[in-house]
Amino acid sequence: MRPGRRLGIDVGKVRVGVAVCDPAGILASPVRTVTRDRAGSADVVEIAALAADSDVVEVVVGLPLHLSGQEGEAARAARSYAARLAARLAPIPVRLVDERLTTVTAHRRLRDSGVPGRGQRAVVDQAAAVVILQSALDAETLSGTPPGEFV
């Protein structure tokens, strides 16, 4: 496992969930939810500041593939967002990783922990970012190679 903190990003239409891992690259934790700025780049600037403040070595962005593995509109939007992040964060690498069912998993975990349905909206994006990042960390631990693809 490569050491160093990483950010996990769950890109949504309205919000972006952000998570970070510990310096050993073992455990992901929620950071915050950032409101998307469709007209500008305030959200990308805020995430870049979080990356700098956390001294990250990499950013992992979820790629929402269909269950068939095909890419749809959401995947294209995530790729575009990841490209904007990569341009802003260079030379920090940005990777895209498969995030199928992460939002479903995040909702289930929140429900199981007692967060009511209405209360989930505020934190589900962070929880999904945690699932994305933790899955990437676990995959790298198991395989010995970083998951996903560079942007």
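A few comments on the model shown:
- Set Asp98, Asp112: member being charged (D, E, K, R), at pLDDT 65 or above and surrounded by 17 or more Cβ atoms within 10 Å (Cβ to Cβ): Asp98
- Applying the set (1) on the phi > 0 side of the Ramachandran plot; (2) surrounded by fewer than 13 Cβ atoms within 10 Å (Cβ to Cβ) to Glu73 leaves exactly one unmet item: (1).
- Looking across the range 57-70, not a single residue is buried (at least 19 other Cβ atoms within 10 Å of the Cβ) and either out of contact with any strand residue (DSSP E or B) (no Cβ under 9 Å at 6 or more places or on another chain) or among the hydroxyl-bearing types (Ser, Thr, Tyr) (or both).
- Close pairs (9 angstrom Cβ cut-off, 6 or more residues apart or separate chains): over 15 Å from Val94 (Cα atoms) and touching a residue at least 24 places away in the same chain (Cβ under 8 Å) in the range 1-14, part of a loop (DSSP other than H, G, I, E, B) and among the basic types (Lys, Arg) anywhere: Gly12/Arg36; Lys13/Arg36; Lys13/Arg38
- Only residues that are outside any helix (DSSP H, G or I) and surrounded by 17 or more Cβ atoms within 10 Å (Cβ to Cβ) were counted in the range 40-56, giving 1.
- Residue tally, condition closer than 30 Å to Ala24 by Cβ and either polar (S, T, N, Q) or part of a loop (DSSP other than H, G, I, E, B) (or both), over the range 57-94: 7
- Looking only at the range 1-17, and only at residues there that are of a type in the set (Lys, Arg) and in a loop (DSSP other than H, G, I, E, B), the one that is surrounded by the fewest Cβ atoms within 10 Å (Cβ to Cβ): Lys13
- Ala39 being more than 12 Å from the chain's Cα centre (by Cα) and modelled with pLDDT under 95: yes
- Given (1) modelled with pLDDT of 95 or more; (2) surrounded by 16 or more Cβ atoms within 10 Å (Cβ to Cβ); (3) of a type in the set (A, V, I, L, M, F, W, C), index of the condition Ala83 fails: (2)
- Evaluation of Ser80 against the conditions (1) more than 13 Å from the chain's Cα centre (by Cα); (2) small (Gly, Ala, Ser); (3) farther than 14 Å from Val11 by Cβ shows that the sole unmet condition is (3).
- Residues that are among the hydrophobic types (A, V, I, L, M, F, W, C) and modelled with pLDDT of 95 or more within the range 60-74 comprise Val60, Val61, Leu63, listed in sequence order.
- Check on Val20, in a strand (DSSP E or B), over 21 Å from Ala90 (Cα atoms) and modelled with pLDDT of 95 or more: no
The values are calculated or read from the model by the stated rules, or taken from the named source; none is laboratory data. Remember, predicted model here, so these are calculated numbers, not experimental data. Counting neighbours? That spans all protein chains shown, and the Cβs are built from the backbone with ideal geometry, glycine included.
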